[in-house]
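Shown next, in structure tokens, is the structure this report addresses.
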Amino acid sequence: MSAAVHSSTPRSPVRGTPRPPSWGRLLDAMLHAVWVVDGADFTIAMANEAALHLWGGESADLVGRSVLDMAPTPEDEAFWREAGTGLAATIESQALVRRADGSSVPVMRRVTRTAADDGATFFIVALEDRASMERRERALELRAAELEATLDSLADGVLVVDLRGTLRHFNRRFADLWELPDELALRRADDDAVFDRMRTSVVDAAGYMRRLAAIEDAPLMRARDLVRLHSGRVLERTAVPQFSRGRPVGRMYTFREIEPPMRAVHARHAPR
């Protein structure tokens, strides 16, 4: 058995049940925390290194504990009660697991019944730490909010698409330049409506679409063009590829106003 797997008596029977040495290698290969629960009395017979990390204590304090002490939710109590009568064999759901210091950690828990070579029943309990996952999700949400705030502070309009042309993001200045209706500017999810608005806003729609198709067909292309809008604005459009790990994953378009709308120019020069 691998040294990374912890058991109360790895080479001798525990409560009369032999522990197959192959299980040690299997547990060592798993990324998530794993308990092996004895089907005779529902105590933890083995635990891998990830399980000890999740537990936050010593192997001697974890192995031999009742699984109900570790997972004290009503759902767990109902499952293990039915497992004792042979009515339940598997479960997968979110749960709480008690740690060595008495605190609880949210996990995604999957339990599967299995058997040893001698016919003894065991339950494999796989635990994915949702606390770490939730911290990562919050960090990603924070980074996304920071990125959105940064883009919204730019003087240029920004439009980001992936390699399939799916809209990923645009900032407020982009919505202003293209005079997007409020429902599109706020929702930011209707790709077709945004792209249709852009197409119908340019003076030379056919030429605009041909040039856009040429840019999209060349993921590594960098391009700079002028786009004239019916509103009177003239925009300088710059297209640059986006990369991730050295590979193109999308494209960012920036729009800078070269000329203001003609109505604004006329308003400034109108007699008072």
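Converting the Cα gyration tensor eigenvalues of region 154-269 into ellipsoid dimensions via √(5λ) gives semi-axes, longest first, of 25, 16, 13 Å. Close amide H contacts of Val249 (hydrogens built in the peptide plane, cut-off under 5 Å, sequence separation of 5 or more or a different chain): Gln242, Phe243, Ser244. Hey, any idea what Rg/Rh is for region 42-86, computing Rh the Kirkwood way over Cα pairs? Reported Rg/Rh, Kirkwood definition of Rh: 1.02. Electrostatic bookkeeping for Glu128 treats Lys and Arg as +1 and Asp and Glu as -1; over the other residues with beta carbon under 14 Å from its beta carbon, the sum is +1.
With a cut-off of 13 Å between beta carbons, the residues surrounding Phe243 carry a summed charge of +3, where Lys and Arg count +1 and Asp and Glu -1. Sorted fewest first by neighbouring Cβ atoms within 10 angstrom, Phe243, Phe79 come out as Phe243, Phe79. Around the amide H of Arg168, modelled in the peptide plane, lie the amide H atoms of Val160, Val161, Asp162, all under 5 Å away and 5 or more residues distant in sequence or on another chain.
Laboratory data are not the source of any read-out in this text; all were calculated from the coordinates shown. Computed from a predicted model, the values in this text were never measured in an experiment. When we count neighbours, we look across all protein chains shown, and the Cβ atoms used for this are built from the backbone with ideal geometry, even at glycine.
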